[in-house]
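Asks: What follows is a structure written as structure tokens; I'll ask about it next.
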Amino acid sequence: MTRPGDGLRRIASGLCDRRTMERLVEPIVADLQAEYQTAAARGARRTRWLVWRGYGAFWKALALYLIMSTFQPSRSDSNGSMGRVVAYSLGALTLTTALLIVPPMLDVRYFRWADGPLDKLRLILLLVPQALPLSIPMGICIGVVCAMRGRRPGPRSVAAVLAIAAVATFAVWTMLEWGVPAGNQAFREIAAARLGDGRLSNLEPGLNELGLSRLSRRTDARAIQHSRLLWALCFATGPLALFSLGLAGVVRRLGVAVVISFMAILLYWALMASIDEALREGALRGAGAWVANALFMLAGVLMLRYGQKIFRLKPEATS
């Protein structure tokens, strides 16, 4: 015979670990079932109300627990930690993408003649592919630092984060190969029509509208430099993810983690731009971005290898 609360127990067992089940879920379900049995034995008419009140208390307690556990420092090398990484990364990705598309949106020249809200929304959506190659590495960096803060990551966490970084790298490559060229070209043609006689025109694609494969076939100096820069950007997520894992054990507070991760991102972009500018001429033209990737990857490996000794970090639990 199924009792009130048995379904809640089955649902919670798929969401919570054993410790949470023992300390949170089981006491709530036991109280619900005890109150229901007492009321039913007395022939009370409000048994249904007691069941719904117990269900409400259960979901309120479980939601509060999940929220609080999300904003606590990582404590284990478990699938839950990777769920936190994904959740934080998606949130940071959304925020950074929005921040990157705001400056073009403030240019009223492109939106002044839009034919209603839907036309404006179309222009805004065309800006999203341009932002994603930058916001994806930034989102992963912020997500890893915030989700894994407070503990030195174990081998399983490192492998899982690198797997996430590999998926993100493929997403960035997809955007740079197809998304950015198509979005840029469509936005340019619509903007030219808005600023001109209102008719769409076929504009000659620039470097940003060629895509990685077409750009790599170019032999002129500007195209070579731009191609190397985009390829380095395509593989930026891995070095930033490793660097973020090294930073994760240094901080425990969420606010500090957000600030430090943003500072790391600014340092990465500044380093990439400065080295790329310094190597603008000669055979190493465009290799500056790869130098930034190598430096951040090396720094991440060193922090993961020696961070426990330098910062006296507590190793991450493996159970």
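Asks: If I ask for residues that are among the polar types (S, T, N, Q) and assigned to a loop (DSSP other than H, G, I, E, B), which ones from the stretch 201-222 would you list?
Replies: To start, the set of residues in the stretch 201-222 that are among the polar types (S, T, N, Q) comprises 201-202, 208, 213, 216, 219.
Residues satisfying the conditions are S201, N202, T219.
Asks: In the set Q225, Q130, Q185, which member is among the polar types (S, T, N, Q), touching a Pro at 6+ places or on another chain (Cβ under 7 Å) and in a helix (DSSP H, G or I)? Step through it out loud before you land on a result.
Replies: Values: Q225 fails: touching a Pro at 6+ places or on another chain (Cβ under 7 Å); Q130 fails: touching a Pro at 6+ places or on another chain (Cβ under 7 Å).
One residue alone meets the criteria, Q185.
Asks: Can I ask one more? Quickly run through the stretch 152-181 and pick out the residues that are out of contact with any helix residue (DSSP H, G or I) (no Cβ under 7 Å at 6 or more places or on another chain) and either more than 16 Å from G238 (Cβ to Cβ) or not hydrophobic (A, V, I, L, M, F, W, C) (or both).
Replies: The first filter runs over the stretch 152-181 and keeps only residues out of contact with any helix residue (DSSP H, G or I) (no Cβ under 7 Å at 6 or more places or on another chain), leaving 154-156, 159, 163, 166-167, 170, 174.
Selection gives G154, P155, R156, T174.
Asks: Report yes if some residue within the stretch 200-218 is buried (at least 20 other Cβ atoms within 10 Å of the Cβ) and in contact (Cβ under 8 Å) with a residue 60 or more places away in the chain; otherwise report no.
Replies: The answer is no; no qualifying residue exists.
Asks: Taking the stretch 140-164, which residues are in a helix (DSSP H, G or I) and buried (at least 24 other Cβ atoms within 10 Å of the Cβ)?
Replies: I140, C141, I142, G143, V144, V145, C146, A147, S157, V161
Asks: Of the numbered conditions (1) under 22 Å from A92 (Cβ atoms); (2) touching a residue at least 12 places away in the same chain (Cβ under 8 Å), A163 satisfies every one except a single condition; which is it?
Replies: Every condition holds for A163 apart from (2).
Asks: Then there's this: Could you check, for the stretch 114-133, whether at least one of its residues is under 30 Å from L302 (Cβ atoms), of a type in the set (S, T, N, Q), at pLDDT 80 or above and surrounded by 18 or more Cβ atoms within 10 Å (Cβ to Cβ)?
Replies: No: the stretch 114-133 contains no residue that is under 30 Å from L302 (Cβ atoms), of a type in the set (S, T, N, Q), at pLDDT 80 or above and surrounded by 18 or more Cβ atoms within 10 Å (Cβ to Cβ).
The values are calculated or read from the model by the stated rules, or taken from the named source; none is laboratory data. Because the structure is predicted, anything quoted here is derived from the model rather than measured. Using ideal geometry, Cβ is built from the backbone for each residue, glycine included, and neighbour counts are taken over all protein chains shown.
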